[in-house]
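Quick notes on the structure that follows.
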Amino acid sequence: MQSCRILQNLVSPVFMDQTDKLARRLGLFDATMIVMGGIIGSGIFMNPSVVALQVHTPFLILGAWMLGGLFALAAAFIWAELAALRPDVGGQYAYLREAFHPGVAFVYGWVLLLVIQTGGMAAVAVTFSRYFVELTYLPIAYPYLAAIVLVTLTVINCLGVRAGSTVQSILMVLKIVAIASLVVCGFLFANRNATPSDWLDRPPSLDLLTAFGAALVPVIFSYGGWQTATFVAGEIKEPRKNLPRGLILGVMGVVVLYLAANVVYVSVLGTSGLAASSAPASDVMRGALGDFGARAIAAGIAISTAGFLSQSMLTAPRVYFAMAQDGLFFRSVGTVHPRTRAPIVAIALQGLFAIVIALLGTYEVILNYVVSVDVIFFGLTACCIFVFRKRESIQGITRVPGHPLTTIVFIAVCALVVINTVYRYPENTLIGMAIMMAGVPAYLFWRWRNSNDSGA
């Protein structure tokens, strides 16, 4: 008990007695940019080749990205209704808490901090560093530059949600320009390669089904991130209106960009060339504009990864803030700075964890555990719709089209992705599950600690 109190003192700021209310300073444009920024990182520039390694015809490759886009759009409508019903800080965390149990929500926040968000941020920070060093020839090790970037974004977001959102929106606009340039230059200036005319690359079979399922894993990973926009619901103006609209508009914009990019990849590189490429975006731009094109898209990828980091640093700490407000984390994490109105302890905690993982170089291992755990919580969160609709009915909000059928299909796809991931990568999946289950005793500890503090 004494050690816990010592740790509490270490993270307690001097303004513990200040108000804990966040400020609503973000509008519809900010919400849309946050949604898109949470989805677009480096995946669209790298993962298409991973998809082409699993399936080998344009129909199957583009079909995987189309199906992934429909999956993301279905999710956007589900999360839009949830956001309208519960426009609370923490977003997905709050939905799980209110629909099921605080323990379920805590486990989600647990894996978000230890695996999903932090490992992803560390990996993206190092990816940014690699591209930045290649462009500038800066004599610095990748992990150290990644740490500097994470520190910088941590400081910016501690200045307030308006400062963090402005940086995020600027980087998101530059991302859109980068992908649009890739598409336009690929279509106008690059030579085309022949592609197979067959629809399927093998006879219909279990092998084809599992291969297509494996192709969907990096696709869904690339489309993931829409849910993080709900974390900042407590700082969005008119959240019942602006957050649902931002979710739907943002996801639709990403689907259009992703499909356009993949049409260019397949047309310019061909299916075999795409499968053999470790950097398809660079290969397309090199074919279109030579070395200048390759360096230009490298700059675009660096900007895209920086934008993803900015969005992650803006959104995820709000979950830890909500956990602390519920008495399930250090009390200081649930406070805001009296001037900037930002949860600076939660932001600093997220930045610190990501920096440590980036410096230790363990992010690649952690990312292997992410997909199955993340998709489990996607399915659970979609189930919240049934719980909330049974409890209450609010008129005039965004509703899921085709519910309950579309929601059930979304949940079924989540289940199939998890099953396929277990089948294909059993060791990684089981480790991810073990980390998730470790959150149960952690929750029991925090509940016991909170009850003791309340009793005192």
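No value in this document is a laboratory result; all are computed from the given coordinates. Since the model is a prediction, treat every value here as computed from it, not as a measurement. Using ideal geometry, Cβ is built from the backbone for each residue, glycine included, and neighbour counts are taken over all protein chains shown.
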12 Å Cα-Cα reach of K241 towards aspartates and glutamates, excluding residues that sit fewer than 8 places from it in its own chain: E81
Order of V417, V256, V133, V319 - criterion: other Cβ atoms within 10 Å of each residue's Cβ, fewest first: V256, V133, V417, V319
Folded to 0 to 90 degrees: helix 280-315 orientation relative to the chain principal axis, Cα: 10
Net charge contributed by nearby residues that have their C-beta within less than 13 Å of F388 (K/R +1, D/E -1): +2
Residue order, fewest to most surrounding Cβ atoms within 10 angstrom, among T429, T166, T305: T166, T429, T305
Estimated dipole of the chain in Debye, rounded to 20 [Cβ of Lys and Arg +1, of Asp and Glu -1, Cα centre]: 1040
Highest average packing first - 58-66, 296-304, Cβ atoms within 10 Å: 296-304, 58-66
Acute angle (nearest 10 degrees) that the helix 405-424 long axis makes with the longest principal axis of the chain, alpha-carbon atoms: 80
Selected from I431, A358, P87, residue furthest toward positive end of dipole (the chain; charges at beta carbon): P87
Mean separation of Cα contacts under 8 Å (6+ apart) over length of the chain, as relative contact order %: 34
Where labels lie 7 Å past Cα in the beta-carbon direction, separation of L209 and N193 in nm: 3.2
Cβ-based exposure ranking for E427, E81, E235, in which fewest neighbours within 10 Å come first: E427, E81, E235
Rounded to 10°, Cα long-axis angle of helix 102-111 versus longest principal axis of the chain: 50
Cα centroid of segment 185-210 to Cα centroid of segment 60-112, whole Å: 32
